[in-house]
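Below is one structure; the comments refer to it alone.
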Amino acid sequence: GAVVSQHPSWVICKSGTSVKIECRSLDFQATTMFWYRQFPKQSLMLMATSNEGSKATYEQGVEKDKFLINHASLTLSTLTVTSAHPEDSSFYICSAATVTQYFGPGTRLLVL
Amino acid sequence: QQQVKQSPQSLIVQKGGISIINCAYENTAFDYFPWYQQFPGKGPALLIAIRPDVSEKKEGRFTISFNKSAKQFSLHIMDSQPGDSATYFCAAKQDRGSTLGRLYFGRGTQLTVWP
């Protein structure tokens, strides 16, 4: 139980395009989902917290107009990186929370 | 400000040895302390977690020791195996009185177990 999926697992895109990443809790309902960014050999950096049906709460320094988060249902949250640039290249990980946070497998984004 | 401090940054242990990773926190409101294991290119996976009402929790070869007065907790991996080679993150969060429940992570420890 407690499986979280992400799609796609990796994506390569051109600079200036937008990329959407999906996060799904497969066997449980998650009131809250979290989006993280992780650079090589570093810890997870929380980008935003989203609750179903309400606006996401972004961490300081994270541009909400660049990283659009939608949490339309208790099992699905999406992160859209708008007008992606090479510096947005990173490993993006979502988690879905009940009492415990369960993490997805991550999405590797490479912006050329 | 780093809410959870983790050490060491890297650790090399011989197969069969004990791996010990330490974490410290400042916020006494934290009441849930999980450890996550992450392999390269994968998301973190929950390994074991503890609440401050107990001083130790053991699951198989993995043990958390918790010292509430010192605000420290540690992960012990007994009989370390090459398959344990991964990055380990400690974390803390406030469950009671909090609606967001965000996790605060340590910087991670890269464990290498030599055969």
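Quick note: the coordinates plus some simple rules give every number you see, no bench work behind them. Keep in mind the model is a prediction, meaning the values are calculated, not measured. When we count neighbours, we look across all protein chains shown, and the Cβ atoms used for this are built from the backbone with ideal geometry, even at glycine.
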- [ ] Please report the orientation-averaged projected area of the protein assembly as shown, defined via the convex hull of its C-alpha atoms, in nm².
- [x] 12.5
Open item on the list: Let me spell out the model: positive unit charges on the Cβ of Lys and Arg, negative unit charges on the Cβ of Asp and Glu, origin at the Cα centre of the protein assembly as shown. What dipole size does that give, in debye rounded to 20?
Closed with: 200
Task: Among B:L47, B:S74, B:L11 the positive-end extreme of the charge dipole of the protein assembly as shown (Cβ point charges) - done: B:L11
TODO: Please report the orientation-averaged projected area of region B:31-70, defined via the convex hull of its C-alpha atoms, in nm².
DONE: 3.4
Task: Estimated dipole of chain B in Debye, rounded to 20 [Cβ of Lys and Arg +1, of Asp and Glu -1, Cα centre] - done: 160
Task: Binned Cα-Cα distances of region A:69-112, short to long, each 5 Å bin given as a whole percent - done: 5, 18, 24, 23, 15, 10, 4, 1
TODO: Take A:D88, B:D31 and order them by how many other Cβ atoms sit within 10 Å, fewest up front.
DONE: B:D31, A:D88
Open item on the list: Below 8 Å between Cα atoms, with a sequence gap of 6+, how large is the relative contact order for chain A in percent?
Closed with: 37
TODO: Please check chain A for the longest run free of trypsin sites (Lys or Arg not before Pro) that are loop-located per DSSP (anything but H, G, I, E, B) and have at most 12 other Cβ atoms within 10 Å.
DONE: A:56-112
Open item on the list: Suppose every Lys and Arg Cβ carries +1 and every Asp and Glu Cβ carries -1, with no other charges. What dipole size does chain A come out with about its Cα centre, to the nearest 20 debye?
Closed with: 180
TODO: Over the residues of chain B, compute the C-alpha Rg and express it relative to 2.2 N^0.38 Å.
DONE: 1.03
- [ ] Quick one: compute a quarter of the convex hull surface over the Cα atoms of chain A and quote it in nm².
- [x] 6.5
Task: Loop sites in region B:1-104: GluC sites (Glu not before Pro), DSSP, at most 14 other Cβ within 10 Å - done: B:E26
Open item on the list: Just to confirm a number: summing +1 for Lys and Arg and -1 for Asp and Glu over residues other than B:I48 whose beta-carbon lies under 9 angstrom from that of B:I48, what do you get?
Closed with: +1
- [ ] Could you list the trypsin sites (Lys or Arg not before Pro) in region B:55-115 that lie in coil according to DSSP, counting only those with at most 12 other Cβ atoms within 10 Å of their Cβ?
- [x] B:K68, B:R96
Open item on the list: Can you give me the long-range amide H partners of A:I21? Hydrogens built in the peptide plane at 1.01 Å from N, cutoff under 5 Å, separation of 5 or more residues or another chain.
Closed with: A:L79, A:T80, A:V81
